[in-house]
1. Across the stretch 216-234, which residue is most open to solvent (accessible area, probe 1.4 Å) among those that are part of a helix (DSSP H, G or I) and not hydrophobic (A, V, I, L, M, F, W, C)?
2. Would it be correct to say that Ile128 is assigned to a helix (DSSP H, G or I) and either within 28 Å of Val332 (Cα to Cα) or open to solvent by less than 20 Å² (accessible area, probe 1.4 Å) (or both)?
3. Considering only the stretch 297-319, I want to know if a residue exists there that is more than 30 Å from Thr210 (Cβ to Cβ) and without any contact (Cβ under 8 Å) to a residue 24 or more places away in the chain.
4. In the stretch 258-302, how many residues are under 14 Å from Asp240 (Cβ atoms) and acidic (Asp, Glu)?
5. Could you tell me which residue of the stretch 174-205 is farthest from Leu256 (Cα to Cα), considering only residues that are open to solvent by 20 Å² or more (accessible area, probe 1.4 Å) and at pLDDT below 90?
6. Pro39 passes all but one of (1) farther than 30 Å from Ala292 by Cα; (2) under 23 Å from the mean Cα position of the chain (by Cα); which number fails?
7. Leu83 fails exactly one of the following numbered conditions: (1) open to solvent by less than 90 Å² (accessible area, probe 1.4 Å); (2) of a type in the set (A, V, I, L, M); (3) at pLDDT below 90; (4) under 30 Å from Lys163 (Cα atoms). What is the number of that condition?
8. Pull up the stretch 1-32, narrow it to residues that are more than 44 Å from the chain's Cα centre (by Cα) and among the acidic types (Asp, Glu), then point me to the one that is nearest to Thr295 (Cα to Cα).
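The values are calculated or read from the model by the stated rules, or taken from the named source; none is laboratory data. The structure displayed is predicted, hence computed values, not measured ones. So basically every Cβ, Gly included, is an ideal-geometry build from the backbone, and we count neighbours across all protein chains shown. Please note that ligands, DNA and RNA were not included when accessible areas were found on the heavy atoms of the full protein model with its side chains. Shrake-Rupley method; radii C 1.70, N 1.55, O 1.52, S 1.80 Å.
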Amino acid sequence: DLSLLRFISAELTRGYFLEHNEAKYTERRERVYTCMRIPKELEKLMFFGIFLCLDAFLYVFTLLPLRVFLAMFRFITLPCYGLRDRRLLQPAQVCDILKGVILVICYFMMHYVDYSMMYHLIRGQSVIKLYIIYNMLEVADRLFSSFGQDILDALYWTATEPKERKRAHIGVIPHFFMAVLYVFLHAILIMVQATTLNVAFNSHNKSLLTIMMSNNFVEIKGSVFKKFEKNNLFQMSNSDIKERFTNYVLLLIVCLRNMEQFSWNPDHLWVLFPDVCMVVASEIAVDIVKHAFITKFNDITADVYSEYRASLAFDLVSSRQKNAYTDYSDSVSRRMGFIPLPLAVLLIRVVTSSIKVQGILAYVCVVLFYCGLISLKVLNSIVLLGKSCQYVKEAKMEEKLFNPVLTATPGKPAGKQQSVFKSTQGISTDENVSTSVTNQPVHQKENTPSLLVTSNSDQFLTTPDGEEKDISQDSSELKHRSSKKDLLEIDRFTICGNRID
């Protein structure tokens, strides 16, 4: 007989056994462990990526001026040595001179932009309007970064490609003006971003700064509930690294401008410190929450971030090879969408306008500061190279550096592979890595085909989780799979990262 008392008694005494569904609950527990590991693994990747961006950024201030000086010295003293080949300068030297000239021209053009007038113009706008402007600037920065690298690559290739007629050199001029215009406009855009952030710091009620920080959490809504694969997550991780490093530089610019207004009073720095910590903490919290739930909803393990780190390390190691086809700073620009030239132009403009150099002692301090920057750059590069070799070795990717390279010959497709590396007996793989990464790029004659490092080193990163196949299988077996883009083929981030299939 059914009764209320028996129903209540059954509800209080009924039991169940979780071990009957052991696989389900084990999987749920692993998801919790994965979410707990995400902050540590993500910050390892971010820490390594930020120092990669710092290395490329310091290159503009330290080694690039020295390389430009050496290239100009070679060009001036060329009649003394005679013209041994058809090229006046090496391709890398041509690119260095172009970068240096663009940097100098854009720096002088930035003097015609009044920072104070821009600050008061933005300060007079309403809070809601500034919030909309800041969002538009973030989108415009991504679009500029994506298209700007193509403009710079087009300029470098147009200036260095083999030309049969002297008239073909005229094509460099329009590409050069396009590159100067791009760097100048991108530097102005970043200046408006820094000015908006400065206005938010100096507002009395801090309402604009609070709204701008809450805008970061809107990013979670736009990305967490979308389908992500490993390649898409790798692209988003690179974008987050670039965004975090750019925010650090913007905060540095804001602090410099504020300290100048208060006559470099160190007490005012402690007034800015809580706001700076709030900006940095919000960025870290948003990245952790976003990546934790993306990996949870898409069944991606936390070990994937070590694979991403190995891919970034592979870029650094391969750029040190003898047959490297790109500079390291350019590879960082393509991979992360971080172009250091506009940011460097703005920082030089702000530093020179904020700090007045007068007297011999001041110039001596500038020289010592420059020597300190060079020391920091060299130390950072050595540590990064050592850690990169370690990450590549742990990921068992060191043999990929010596895989057959791509050769482009007339009448044959570029996809054909020919072996150019022969290992000598008695030399281990680690020794080969250490010798190859320390060699400098050498000039190749025009009649020899260009050697490119293969980009199939991360095939295991695009392998589905359910398949347990060897990563060293032949390319003919991979043709039957669904076509997926390799991680090393993802040059820069895009807005629609989830459309990479």
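1. Lys221
2. In short, no.
3. Within the stretch 297-319, one or more residues are more than 30 Å from Thr210 (Cβ to Cβ) and without any contact (Cβ under 8 Å) to a residue 24 or more places away in the chain.
4. 2
5. Among them, the one singled out is Asn205.
6. Every condition holds for Pro39 apart from (1).
7. (1)
8. Glu19
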